[in-house]
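Undergrad: Sharing a structure with you now.
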């Protein structure tokens, strides 16, 4: 899938997921757009998305960051929380929890990102390497979406498996 990227946007699952394993491969294109011309290319995998609070950019959710140099970071949007290093994060819009390992491939190469949520445990995997972990805070289930923020990106080999 080619996302041209001149605006913010997303595609989302119709189904809600509680425990799941989501996988997608991505690579960056050339184009960047205002207001991010001089910033890192940015996208993300948002999960446990709550559209019923409001359909907006960005809805209540947790995010596995897909951003140049920051792949695998957590972002908690619109006051969602996680337990990070055994401490509950404070409800705040746009709180970041930085990955403990870098496994991203160089620009223009394909990367594989995985998010696993199982029994309250969250794992972010980049190119087969666990780069971040946490535990669910105030989310329980929701949709999964791929985000676009003013940069061209390519996605392929997307799949989601519901875990029992």
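Undergrad: Conditions: (1) surrounded by 13 or more Cβ atoms within 10 Å (Cβ to Cβ); (2) modelled with pLDDT under 95. Residue 93 meets all but one. Number of the miss?
TA: Going through the list (1) surrounded by 13 or more Cβ atoms within 10 Å (Cβ to Cβ); (2) modelled with pLDDT under 95, residue 93 breaks only (1).
Undergrad: Of all residues in the stretch 110-124, count the ones that are free of Cβ contacts under 8 Å to residues at least 24 places away in the same chain and part of a strand (DSSP E or B).
TA: Qualifying residue count, the stretch 110-124: 2.
Undergrad: Let me ask something additional. Give the stretch 144-164 a look and list any residue that's closer than 13 Å to residue 117 by Cβ and in a strand (DSSP E or B), or say none.
TA: 144, 160, 161, 162
Undergrad: Then there's this: Please pick out the residue among 74, 100, 84, 51 that is over 15 Å from residue 148 (Cα atoms) and modelled with pLDDT under 95.
TA: When all the criteria are applied, what remains is 51.
Undergrad: Separate question: Since residue 29 meets every condition but one in (1) farther than 17 Å from residue 155 by Cα; (2) at pLDDT 95 or above, which condition does it not meet?
TA: Here residue 29 meets the rest and fails (1).
Undergrad: Return only the number of the condition from (1) under 18 Å from residue 20 (Cα atoms); (2) crowded, with 19+ Cβ neighbours inside 10 Å that residue 119 does not satisfy.
TA: Every condition holds for residue 119 apart from (2).
Undergrad: Let me ask something additional. How about the stretch 1-65: which strands (runs of 3 or more DSSP E) wholly inside it have at least 3 residues that are in contact (Cβ under 8 Å) with a residue 40 or more places away in the chain and surrounded by fewer than 19 Cβ atoms within 10 Å (Cβ to Cβ)?
TA: By residue number, 8-12, 20-32.
Undergrad: Residues of the stretch 82-109 being assigned to a loop (DSSP other than H, G, I, E, B), within 15 Å of the chain's Cα centre (by Cα) and within 20 Å of residue 21 (Cα to Cα), which ones?
TA: 99, 104 - these are the residues of the stretch 82-109 that are assigned to a loop (DSSP other than H, G, I, E, B), within 15 Å of the chain's Cα centre (by Cα) and within 20 Å of residue 21 (Cα to Cα).
The values are calculated or read from the model by the stated rules, or taken from the named source; none is laboratory data. On a predicted model such as this, the values are computed, not experimentally measured, just so you know. In this analysis, Cβ positions are derived from the backbone assuming ideal geometry, glycine residues included, and neighbour counts consider all displayed protein chains.
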